[in-house]
Amino acid sequence: MAQTLFDKVWNKHVLTGKEGEPQLLYIDLHLIHEVTSPQAFEGLRLQKRQLRRPDLTFATLDHNVPTIDIFNIRDEIANKQITTLQKNAKDFGVHIFDMGSDEQGIVHMVGPETGLTQPGKTIVCGDSHTATHGAFGAIAFGIGTSEVEHVFATQTLWQTKPKNLKIEVSGKLQPGVYAKDIILHLINQYGVDFGTGYALEFTGETIQSLSMEGRMTICNMAIEGGAKYGIIQPDETTFEYIKGRPYAQNFNQSIGEWQKLYSDENAHFDKVITLDVTNLEPQVTWGTNPEMGVNFSSPFPKIQNINDERAYNYMGLKPGQKAEDIDLGYVFLGSCTNARLSDLIEASHIVKGKKVHPKITAIVVPGSRTVKKEAESLGLDKVFKEAGFEWREPGCSMCLGMNPDQVPEGVHCASTSNRNFEGRQGKGARTHLVSPAMAAAAAINGKFVDVRKVVV
């Protein structure tokens, strides 16, 4: 019987349970960070249990990490979470990419960069943006703290198989339009819940032409469309990315299996969405969820319901205004969505030889130590610093208000992150989700501009 890519990986990992009911899945890789793991470790201690597979568990520190003086953690709770994970990793024999280590960084970046993320794996982490790893042809999803403990103890997880939704993307992107714009546009068109109950397989010529970084951006934000999983067929681009990475020593013996991971020609999808991106414009969000966004040239929409009204009030904006009317004060280049090397290179082209607008505070936070080092070897840090950006240490940073990097109340921020909820970047912060190029151009111009005119 013909199978989708998702079906193939899922069925390989089912240990017991009937289709349509919860099934017990074997988990190949468990990534953990300091926020969702402490209670799970404590649960093991209370039950006097060990980790079932410490060798398949890897820890990093990211959410609470300061990005200026990384070893000086002033917040008591943040410090407690970080030191607790360090102790738990030691006590339970878990490999930790520790503070200041070469591999430390945002959990969804560390997996791919080290070669831990591979096609055909089941990957979990106590963080919803785990869907990122699906870009490699893996089933990757976020889990809650009680599920983290379940994986610790058993290396398995009960899950109900979702339906399959194919998103076929065609057309050539214009210069200045990126993977981030594709996913923001999809969510704007179909809403924040269109993917609920589905695994999203992104396919089509446009997806195939994207780099791994672009694919990870798309899968990263599948969760913002209501889906738990985003997945992309592995191909030569994928294999080339994995080859030679420290934890990918199995490359030669595994590649034959990886090449079989694709949706069969007549595989059944429960739903299909097609999208032509030939004329796609850069996207900007105006409201308080990722669905509330527009093409750069479009005015903000009329108020349709109480949610729109609340969003406009919170954001201090009105229907009929445009992206260029937003009074920006901050620019954030970072997060697990867009803090990879290619993102920083793209942004650097726009800022090189220019200066950050006097009213803008602009920060660049590489997503991992690896990216930071690679960027510095290319001289990108100098480009950003000379333009007036702050160049920071790796971490989640201003993506979420859990560390010192927060947007002041009432201030508008052009952000390359994934969520624009009320208070997401700090109390009263006003977040606008955009691509790295859009954020960089906004930093220079002091407002949003059509980046297509900048990069051509």
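Projecting the Cα atoms of Gly379, Pro175, Phe194 onto the charge dipole of the chain, computed from C-beta unit charges around the Cα centre, puts Gly379 farthest toward the positive end. Taking amide H positions as modeled 1.01 Å from N, with prolines and chain starts lacking one, the residues under 5 Å from Thr431 and 5 or more places away or on another chain are Cys413.
Number of Lys pairs in region 355-456 with C-alpha atoms less than 13 angstrom apart, excluding same-chain neighbours closer than eight positions?
Working: Lys355/Lys382; Lys355/Lys385; Lys359/Lys447; Lys372/Lys382; Lys373/Lys382.
Going through region 355-456 pair by pair, I get 5.
Taking packing as the residue-averaged number of other Cβ atoms within 10 angstrom, the listed peptides 296-303, 99-106, 425-432 run from highest to lowest as 425-432, 99-106, 296-303.
Remark: the chain carries a charge dipole of roughly 380 debye about the Cα centre, counting +1 on each Lys and Arg Cβ and -1 on each Asp and Glu Cβ.
Bridge orientation summary for region 284-455: considering DSSP beta bridges with both residues in this region, about 10 percent are antiparallel. Taking square-rooted eigenvalues a ≥ b ≥ c of the alpha carbon gyration tensor, is region 332-456 rounded, prolate or oblate, where a/c under 1.5 means rounded and, failing that, a/b exceeding b/c means prolate? Oblate is the answer for region 332-456, as a/c is 1.5 or above yet b/c matches or exceeds a/b. For the chain, adding -39500 (n - 2.57) for each run of n ≥ 4 DSSP H residues and dividing by the number of residues yields -9500 deg cm²/dmol at 222 nm.
Highest-first packing order for the peptide set 403-411, 111-119 is 111-119, 403-411, based on the mean count of other beta carbon atoms within 10 Å.
Estimated from the Cβ-Cβ distance and a Förster radius of 41 angstrom, the FRET efficiency linking Thr84 and Asn250 is about 0.80. Amide hydrogen proximity for Met402: with H placed 1.01 Å from N in the peptide plane, no residue at 5 or more positions away or on another chain lies under 5 Å.
Short-range pairs are left out: with C-alpha atoms under 8 Å and at least six residues apart, the relative contact order of region 284-455 is 28 percent.
Read-outs: derived from the displayed coordinates by stated rules, not from any lab. Quick caveat: nothing in here was measured; it's all calculated off a predicted structure. Note that each Cβ is placed from the backbone with ideal geometry, even for glycine, and that neighbours are counted across all protein chains shown.
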